[in-house]
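Visitor: This is the structure I want to talk about, given as structure tokens.
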Amino acid sequence: MISTMKKQKTTCFYLTLLLGFLLLSSCERKEKFPSHNLEFKGLATTWDEAIPLGNGILGVLIWQKDGKLRFSLDRADLWDLRPMARMNFDKWKFKDVYQHWNNGTYDEVYKELDSPSKLYPAPSKIPAAALGFNIEALGKVKSVELDLDGAVCIVIWENGTKLSTFVHAYKPVGWYKFENLSASIDIELIPPAYNRPGDGVSVNQSGSDLDRLGYSQGKTEKKGNTLIYNQEGWDGFSYQVYSGWEEEGTSLTGCWSVSSANKTWDVSPLASENVTEALRGGLDSNFGSHLAWWEKYWDKSSVSIPDTVLQKQYELEMYKFGSIARANTPPISLQAVWTADNGKLPPWRGDFHHDLNTQLSYWPAYAGNQLDLEEGFINWLWKYRPAFSKYTKDYFETDGLNVPGVTTLEGEPIGGWIQYSLGQTVSAWLAHHFYLHWKFTMDRDFLKEKAYPWLKETAVFLDHISVRDDQGNRKLKISSSPEIYNNSKEAWFSETTNFDLALIRWDYEKAAELADELGLADEAARWRQILSEWPGYSVDDCGLMFAPGFPYNESHRHFSHLMAFHPLGLIDFSNGQPDRDIIQKTLFNLEHNGPDRWTGYSYSWLGNLYARAFEGEKAAGALKTFAQCFCLKNSFHVNGDQTKSGKSKYTYRPFTLEGNFAFASGVQEMLLQSHSGTIEVFPAIPAQWANVGFEKLRAQGAFIVSAQRENGKNRLVEIIAEKGGTCKLKNPFGKNTCSIKASWEGQMDCNGEVIEINFPVNGKAILKME
């Protein structure tokens, strides 16, 4: 193992933290990575620059408002789930959309399926409440720090008062402790403004004030050292916010929770019960189990790169991923558990966008070796498969499976730009995650019970909605490419776009592959036959096009025409020179048309694209632009160029998370690739990265890989095969002599362009340059 890179968190350090409830530093980690933690000289004064803490179901933003320390509390399942008005699939079918498009009466589609999302405030994610702490008597704040190791926020005042606060890694509670208090602190619970008229001004895609939801304001009560708030929502939904605290000498220790209830949900403990139980267990015990979870999380994988900007941003992205993804919580929505605290509904309702946002958010889970957290996405998709099947039958009038491109917490369609919110290939892109979960775990039960059934049902749907052109090839009646031509009638193409085509071809190719794996020869043959009836991609002298007759000739944020290259890997360098030519021309044309209409996630996706093309310098450059120009000081991605330096003409700041996590994936792609069936270490690093390494990144085939590069040469590669099998590794040592040390008996050859090793289950091999 590469001990010089390990993120060790010693028992002594944790005992010290428990005894003093958080010293300010982890000596070992800070010596190696001194700049990872977020450190500021004062509290943020806007919610979107706050310190974020979370555990997948609960979240909090730590900042200051109106002179008071503010905890903006959130819970992932706080949703107004009323059906989207006028989203009537008894009246409106996909065939009706096609007819209006074809007949020149498309305004009717706008009126019925798009405008409701602008006219009505719900369905939508909603905020919980806030805790306010009167800190006027404490004086000036000296420092604010987010410690990534322990997922703890520490605030220190110049008078010596210290606040330490965290959200427990897996229990539904948050904790706070003030030490060295010179005066008592008043605590208040601040409910959302459900009954106070807002200003009606749209702020960063937050167009609706909370009072438009029509709720009666909930009741807040303070009894002794407790605060409670109960809020009724739409149609039986309710939630409770509760905090209790204890004072001893100059210290104050408190705990908070948010609970939710709905008449269709299983009953769970109230927030008051969660807090009472936590306080009974005590802070030290809770903090110990919290730290143990985060220690295990950070030990799953790590990277060490010489670019300090990229290294810090990567650590922050993986911290945020660990804060909002769990196997047993809702998947990552646009803002996850950090809903806007500005009196308005969150940007784009805080919903689940499946035309890019949820997909990109889970990219770093695979190579990052965090598949247990990625399961939350898979589990949610599987749970609401009945709702998706009903939508498919109601709107498309077909069998098989498709998913609305924009959904509520329970998978119901919200609408909006229907080319994408009701798109035809959404379930195919989501199928990619089922496929990746299989390839990275090699879990045959998952393959049989979930991965192949999802791809199969998607293939059935795509079979039913396709038609034949004059040459007998399959096509879609009308097709789209997010978000080319935005929401205009022209956003529908009469020929199948490269975006839709790539997803369709990918689903049939992989459905056949998985059918073969399961011994279903007849089904595999059926999928391959249908695949052969679809045309090839639209390509011109500049590479991949939007669609036949529509060259890529304008800047656009969504690189949808490039899906076949990344993430799907259908067009790939490993396929030979023709594919390489297409990729290189397409990327050159992307650069030529420029970034005027790009957003932050465009740059993080671009980093992945360049990494797949083995362009290390360009990959690092794109990712650095993302980190420096499209993120706030707390690392939140806010879509627009905050530096106004010409990296985009978009300079707004709506916060969404997909760009953050695509960034992390881009770093991983620079360090390890396995999508072609051959593992390659350091495939796309800049030439100046002489010393770089990683531990426990995961490759397809369920291989856990660590590697170290020193003084410009690859020195060491370690591979552990969870499920055994044949591992193909592109020789990382070139013509240099190397040795292999394995955990089992046998002869292994370290020569050739590709090294093949046949692993037993959990076998381990260390390859070292002599």
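The values are calculated or read from the model by the stated rules, or taken from the named source; none is laboratory data. Bear in mind the structure is a predicted one, so any value in this text is a computation, not a measurement. Please note: Cβ atoms are built from the backbone with ideal geometry, for glycine as well, and neighbour counts cover all protein chains shown. We work out accessible area using only protein heavy atoms, side chains counted, and drop any ligands, DNA or RNA first. Shrake-Rupley method; radii C 1.70, N 1.55, O 1.52, S 1.80 Å.
Visitor: Leaving out same-chain residues fewer than 8 places away, which lysines sit with a Cα under 25 Å from that of Lys510?
Guide: Lys383, Lys390, Lys393, Lys439, Lys448, Lys450, Lys456, Lys475, Lys477, Lys723, Lys728, Lys730
Visitor: Let me ask something else. Considering every pair of different Cα atoms, what Kirkwood radius, in Å, is found for segment 136-223?
Guide: Numbers: mean 1/r = 0.0603 Å⁻¹.
When all Cα pairs of segment 136-223 are included, the Kirkwood radius is 16.6 Å.
Visitor: Rounded to whole Å and ordered largest first, report the semi-axes of the equivalent ellipsoid of segment 453-590 derived from its Cα gyration tensor (root of 5λ). Write down the numbers at each step before the final one.
Guide: Details: eigenvalues 134, 70, 33 Å².
Equivalent ellipsoid semi-axes, largest first: 26, 19, 13 Å.
Visitor: Using a ≥ b ≥ c from the Cα gyration tensor of segment 628-770 (square roots of the eigenvalues), is it rounded, prolate or oblate, where a/c under 1.5 gives rounded and otherwise the larger of a/b and b/c decides, a/b for prolate? Before the final figure, lay out each step's value.
Guide: Working: a/c = 3.39, a/b = 2.22, b/c = 1.52.
Because a/c hits 1.5 or more and a/b exceeds b/c, segment 628-770 counts as prolate.
Visitor: Separate question: Among the lysines in segment 100-252, how many pairs, 8 or more places apart or on different chains, have alpha carbons under 27 Å apart?
Guide: Counting lysine pairs in segment 100-252 gives 18.
Visitor: Something else now. Going by the alpha-carbon gyration tensor, a ≥ b ≥ c the square roots of its eigenvalues, is segment 512-596 rounded (a/c under 1.5) or, if a/c is not under 1.5, prolate (a/b greater than b/c) versus oblate? Don't skip to the end; give the middle numbers.
Guide: Values: a/c = 2.58, a/b = 2.31, b/c = 1.12.
Prolate is the answer for segment 512-596, as a/c is 1.5 or above and a/b outweighs b/c.
Visitor: Tell me the label only: which of (1) 33.5, 115; (2) 26.2, 84; (3) 32.7, 102 is Rg and Dmax of the Cα atoms in Å as calculated from this structure?
Guide: (2)
Visitor: Could you state the accessible area per residue of the chain in Å², with a 1.4 Å probe and every protein chain left in place? Walk me through the intermediate numbers first.
Guide: On the way: 28080 Å² over 770 residues.
Heavy-atom accessible area per residue stands at 36 Å².
Visitor: Next question, about the same structure. Quick one: Kirkwood hydrodynamic radius for segment 48-200, alpha-carbon pairs, angstrom, one decimal? Show your work: numbers first, answer last.
Guide: Numbers: mean 1/r = 0.0523 Å⁻¹.
Here the Kirkwood hydrodynamic radius works out to 19.1 Å.
Visitor: While we're looking at this one, here's another question. Can you give the charge dipole size of segment 125-240 about its Cα centre, rounded to the nearest 20 debye, using +1 on the beta carbon of Lys and Arg and -1 on the beta carbon of Asp and Glu?
Guide: On the way: 11 positive and 14 negative charges, 37 e Å.
Dipole magnitude for segment 125-240 comes out near 180 debye.
Visitor: When you count, for each residue, the other Cβ atoms within 10 Å and take the mean per peptide, how do 257-267, 475-485, 493-503 rank with the highest first? Kindly include the intermediate steps, with their values, before the conclusion.
Guide: Details: 257-267: 16.1, 475-485: 22.3, 493-503: 25.1.
Output ranking for 257-267, 475-485, 493-503: 493-503, 475-485, 257-267.
Visitor: For Glu248 and Lys111, compute 0.36 nm times the residue count separating them, minus their Cα-Cα distance, and round to one decimal in nm. Present the calculation step by step, with values, prior to reporting the outcome.
Guide: Details: separation 137, 0.36 × 137 = 49.32 nm, distance 6.14 nm.
Once the chain is fully extended between Glu248 and Lys111, it gains 43.2 nm.
Visitor: Share of Cα-Cα pairs in segment 657-701 beyond 16 Å, in percent?
Guide: On the way: 414 of 990 pairs.
The proportion of pairs with Cα distances above 16 Å equals 42 percent.
Visitor: Could you sort the peptides 681-688, 346-353 by per-residue average Cβ neighbour count (10 Å cutoff), highest mean leading?
Guide: Values: 681-688: 18.9, 346-353: 25.5.
With the highest mean Cβ count within 10 Å placed first, the list reads 346-353, 681-688.
Visitor: To the nearest 20 debye, what is the magnitude of the charge dipole of segment 574-674 about its Cα centre, counting +1 on the Cβ of each Lys and Arg and -1 on the Cβ of each Asp and Glu? Show your work: numbers first, answer last.
Guide: Values: 11 positive and 9 negative charges, 76 e Å.
For segment 574-674, the charge dipole is close to 360 debye.
Visitor: Evaluate the charge dipole of the chain about its Cα centre and quote only its size in Debye, nearest 20, assuming +1 on the Cβ of each Lys and Arg and -1 on the Cβ of each Asp and Glu. Write out the running numbers ahead of the final one.
Guide: Working: 80 positive and 94 negative charges, 187 e Å.
Value, rounded to 20: 900 debye.
Visitor: Right, next: Determine one quarter of the surface area of the Cα convex hull of segment 383-509, which equals its mean projected area, and express it in nm² to one decimal. The partial results should precede the final answer.
Guide: On the way: hull surface 32.9 nm².
Answer in nm², one decimal: 8.2.
Visitor: Now, a different point. Taking 20 °C and 1.002 mPa s as the conditions, I'd like the Stokes-Einstein D for segment 130-181 in µm²/s, using the Kirkwood hydrodynamic radius from alpha carbon pairs. Show your work: numbers first, answer last.
Guide: Working: Rh = 11.9 Å.
Approximately 180 µm²/s, per Stokes-Einstein.
Visitor: Summarise the accessible area of the chain (1.4 Å probe, protein heavy atoms) by the percent that is carbon and sulfur.
Guide: Values: 13270 of 28080 Å².
C and S atoms contribute 47 percent here.
Visitor: Which whole-Hz ³J(HN,Hα) couplings does segment 548-563 yield from phi under the Karplus relation 6.51 cos²θ - 1.76 cosθ + 1.60, θ = phi - 60°, glycine and proline marked x?
Guide: So the J values, rounded to whole Hz, are x, x, 10, x, 6, 9, 8, 5, 8, 5, 9, 7, 5, 5, 9, 4.
Visitor: Hey, another quick one. Which one, Ser184, Ser333, Cys629, is farthest towards the positive end of the dipole of the chain when Lys and Arg carry +1 and Asp and Glu -1 on their Cβ?
Guide: Among Ser184, Ser333, Cys629, the one farthest towards the positive end of the dipole of the chain is Ser184.
Visitor: Ratio to report: Rg/Rh of segment 112-155, with Cα atoms as the point set and Rh obtained by the Kirkwood method; give two decimals. Don't jump to the answer; show the numbers that get you there.
Guide: On the way: Rg = 20.0 Å, Rh = 15.3 Å.
Result: Rg/Rh = 1.30.
Visitor: Which of the three applies to segment 692-770, rounded, prolate or oblate, going by the alpha-carbon gyration tensor with a ≥ b ≥ c and a/c under 1.5 meaning rounded?
Guide: Values: a/c = 1.84, a/b = 1.29, b/c = 1.43.
Oblate.
Visitor: Further question on the same structure: Beta carbons within 10 angstrom, averaged per residue: use that to sort the peptides 334-340, 558-564, highest first. If you can, show how the numbers build up before the last one.
Guide: Numbers: 334-340: 26.6, 558-564: 25.0.
Packing proxy ranking, top to bottom: 334-340, 558-564.
Visitor: Right, here's the next one. If you plug each phi of segment 57-67 into the Karplus form 6.51 cos²θ - 1.76 cosθ + 1.60 with θ = phi - 60°, what whole-Hz ³J(HN,Hα) values come out, in order, with x for Gly and Pro?
Guide: 10, 10, x, 8, 10, 9, 7, 9, 9, 6, x
Visitor: Please name which of Trp380, Ile571, Tyr319 has its Cα lying farthest along the dipole of the chain towards the positive end, using unit charges on Cβ (Lys, Arg +1; Asp, Glu -1) and the Cα centre as origin.
Guide: It is Tyr319, whose Cα lies furthest towards the positive end.
Visitor: If you plug each phi of segment 182-188 into the Karplus form 6.51 cos²θ - 1.76 cosθ + 1.60 with θ = phi - 60°, what whole-Hz ³J(HN,Hα) values come out, in order, with x for Gly and Pro?
Guide: Karplus values, whole Hz, x for Gly and Pro: 9, 8, 5, 10, 7, 10, 10.
Visitor: Work out, step by step, the length gained on full extension between Thr726 and Asp299: first 0.36 nm times the residue separation, then minus their alpha carbon distance; give nm to one decimal. It would help to have the intermediate numbers written out before the result.
Guide: Values: separation 427, 0.36 × 427 = 153.72 nm, distance 2.59 nm.
Result: 151.1 nm gained on full extension.
Visitor: I would also like to ask the following. Would you rank Lys383, Lys510, Lys633 by solvent-accessible area, highest first, keeping every protein chain in place and using a 1.4 Å probe? Intermediate values should be presented prior to the final figure.
Guide: Working: Lys383 130, Lys510 25, Lys633 100 Å².
These residues rank, largest area first, as Lys383, Lys633, Lys510.
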